[in-house]
Each structure stands twice: as C-alpha cells, then as structure tokens.
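The values are calculated or read from the model by the stated rules, or taken from the named source; none is laboratory data. The model shown is predicted, which means the values in this text are computed figures rather than measured ones. Neighbour counts are summed over all protein chains in view; Cβ atoms, including those assigned to glycine, are modelled from backbone coordinates with ideal geometry.
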Amino acid sequence: MAKLNNKVAIITGGAASIGKAIASRLHADGASVVIAARSVDKGEALAAQLGERALYVETDITQDDDLRRLVTRTIDHFGALHILVNNACVYGDDGAATTRETWLSTLNTNAVSAAILGEIAVEHLAAAGGNIVNIGSISGQFPHIGRWAYPISKATLRHLSRTQAVEYAARGVRVNSVTIGHCWSDPFEGLTGNNRAHADKVSTPYNLMGRVSDAAEVAAVVAFVASDEASYMTGGEVPVDGGYGAMGPEQHYPVMPLLMEGNSSQR
C-alpha cells in the first residue's frame, strides 16, 4: 500500500519546478493532490497529466479570499485535508538596495502567506490528524552576500515553522520544514541558461555531494515528512542540502596543506 493512500494534500506553487515534483511524488504515493498556483496553463496541464486524484485551483497566495477558496474547494472536492505543503515563493531581492515594495512583497509571499494559509487550514488538518510541511532554504540559515530580502523571508519562515509546531501541537497537527540547498529548479535553469553541468560545477564547493540536487530528491523527503511514517516528528528541520549546512567556513578542503604551501622550509 502506498504510504499516502487516502490522504489529501495541498501544494502551493505546485504547478512547476520543485512544487511540481512534490505534487507528482505525493500523488504517486497515493495522495489526492490540490495544485495551487497562479499559472493556469501549467496547473491545468499537471492536473490532467496526473489524472484521477488531482485538482488544480488557481490561487494567488497573497490574497486571503483565494486562500479561503482554496481550502473550501479542497474540502468540497475531496472531503478532507491531511497535508499542507507551503512551497510557493518569490525571489525578489536587490540586496541592500531592495525597495520597501519588494521587501514587503517578498516577506508577504514567502512567510506571511504560509502563516495565514496554515491558520485557515488548521481546523481541517486537526480533524484529519494532518500536518504542515514548509519548504525552507539554506538561505534562511546563512547570510548570502548581495541578497537580503529572500534569505530574511526564509529565516522568517523557519521561525514560523517552529511557532506553528508549538501552537498547533495541542490540536494534533504536526509542523516541520524541509530545508533545501542548491536544487536544479527554475531559478537555476534560468541563471545558467539550462546548463546543468555548469550548475553542478558552481555548486561543488558549497556542498559535499559535488552537484545540485534534483527536485525529485526534495520531493521524496517531503513525502516522508508528510507521511504517518514521520508521526513523531514536529518542529523539525530536515535538510536536503547535500551537506551545505554541515560544512564550516573551511568548506570541505583541508586548510593545513594549503598553509604549508607558504612554508619555504617545506620546499
């Protein structure tokens, strides 16, 4: 039996990139999936591709009415809600020069919307013994030069996950985050001109695996965290970062031999 049989999941930003991989994996594991996204063409195409147990709902997650409609459509169509995956995000960021408008838009989309959708959905999640999975980023753990708004929004989401876990525990709702490192996704494809080999090369010093991840690798972990197999996990952060977070400033290169290169007595 598939581990998500008879479960119903909402995936925000579920029509493309990492969200598409998550929706596809949860569906393959037996869940009915609700694909929430603004892109009608991509959303309808994915729902049609997945077929039975898939529903697309056009959703702007920054609009509360859309969020309420999303949850209502889910309950009306599938009769329950077990899993909420807050995946949708934007990347608006001009570093220290980021405008107030972009700051507010990035925080609103990447953190505030996840908080509001969680609160709208929690009564249904509680009734089903369900859980929330927030899709975090290494950017929320470590500062990145030249980027301010996006990392800070992900740091906010990281703390939100813990807050939700504490707040919703009494209602039987688990909340965890999956922290993603460098992943072959729409932003990486766009930045590299769809050059995966170059992305792997650039990423190598920043992780222990020597490559970027595939979206399917992220989705596999999300499927586990969202399943009953993770029934004693809440308030947790599960890294899918290739070891990025395990490395210190020395990364994975030995510093002693490099120091010795400057010792003339060793020559």
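Miscellaneous remarks
- Every residue from the range 118-151 that is within 15 Å of the chain's Cα centre (by Cα) and not in a strand (DSSP E or B): 118, 138, 139, 140, 141, 150, 151
- Test: residue in the range 167-188 that is assigned to a helix (DSSP H, G or I), at pLDDT 95 or above and in contact with a His (Cβ under 8 Å, 6 or more places away or on another chain): no
- For the range 224-267, the candidate set comprises residues that are of a type in the set (Gly, Ala, Ser), modelled with pLDDT of 95 or more and part of a helix (DSSP H, G or I); within that set, the residue that is farthest from the chain's Cα centre (by Cα) is 230.
- Failed item in (1) surrounded by fewer than 24 Cβ atoms within 10 Å (Cβ to Cβ); (2) without any contact (Cβ under 8 Å) to a residue 60 or more places away in the chain; (3) in a helix (DSSP H, G or I), with residue 27 passing the rest: (1)
- Filter result (surrounded by fewer than 21 Cβ atoms within 10 Å (Cβ to Cβ), of a type in the set (Gly, Ala, Ser) and assigned to a helix (DSSP H, G or I)) within the range 72-111: 95, 96, 97, 105
- Qualifying residue in the range 232-247 (condition: of a type in the set (D, E, K, R) and surrounded by 16 or more Cβ atoms within 10 Å (Cβ to Cβ)): yes
- Evaluation of residue 131 against (1) out of contact with any His (no Cβ under 8 Å at 6 or more places or on another chain); (2) touching a residue at least 60 places away in the same chain (Cβ under 8 Å) (one fails), failing number: (1)
- Any chance residue 45 is over 23 Å from residue 123 (Cβ atoms), among the hydrophobic types (A, V, I, L, M, F, W, C) and more than 14 Å from the chain's Cα centre (by Cα): yes
- Residue count for the range 179-214 satisfying the condition of being buried (at least 21 other Cβ atoms within 10 Å of the Cβ), closer than 23 Å to residue 26 by Cα and touching a helix residue (DSSP H, G or I) at 6+ places or on another chain (Cβ under 8 Å): 8.
- One residue stands out in the range 57-71 among those that are in a helix (DSSP H, G or I) and either without any contact (Cβ under 8 Å) to a residue 40 or more places away in the chain or out of contact with any helix residue (DSSP H, G or I) (no Cβ under 8 Å at 6 or more places or on another chain) (or both): the one that is surrounded by the most Cβ atoms within 10 Å (Cβ to Cβ), namely 66.
- Residue check, residue 262 loosely packed, with under 14 Cβ neighbours inside 10 Å, under 25 Å from residue 91 (Cβ atoms) and free of Cβ contacts under 8 Å to residues at least 24 places away in the same chain: no
- Test result for residue 221, touching a strand residue (DSSP E or B) at 6+ places or on another chain (Cβ under 8 Å), crowded, with 16+ Cβ neighbours inside 10 Å and in a helix (DSSP H, G or I): yes
- Within the range 164-178, being free of Cβ contacts under 8 Å to residues at least 40 places away in the same chain and either exposed (fewer than 14 other Cβ atoms within 10 Å of the Cβ) or in contact with a Phe, Trp or Tyr (Cβ under 8 Å, 6 or more places away or on another chain) (or both) holds for one residue alone: 170.
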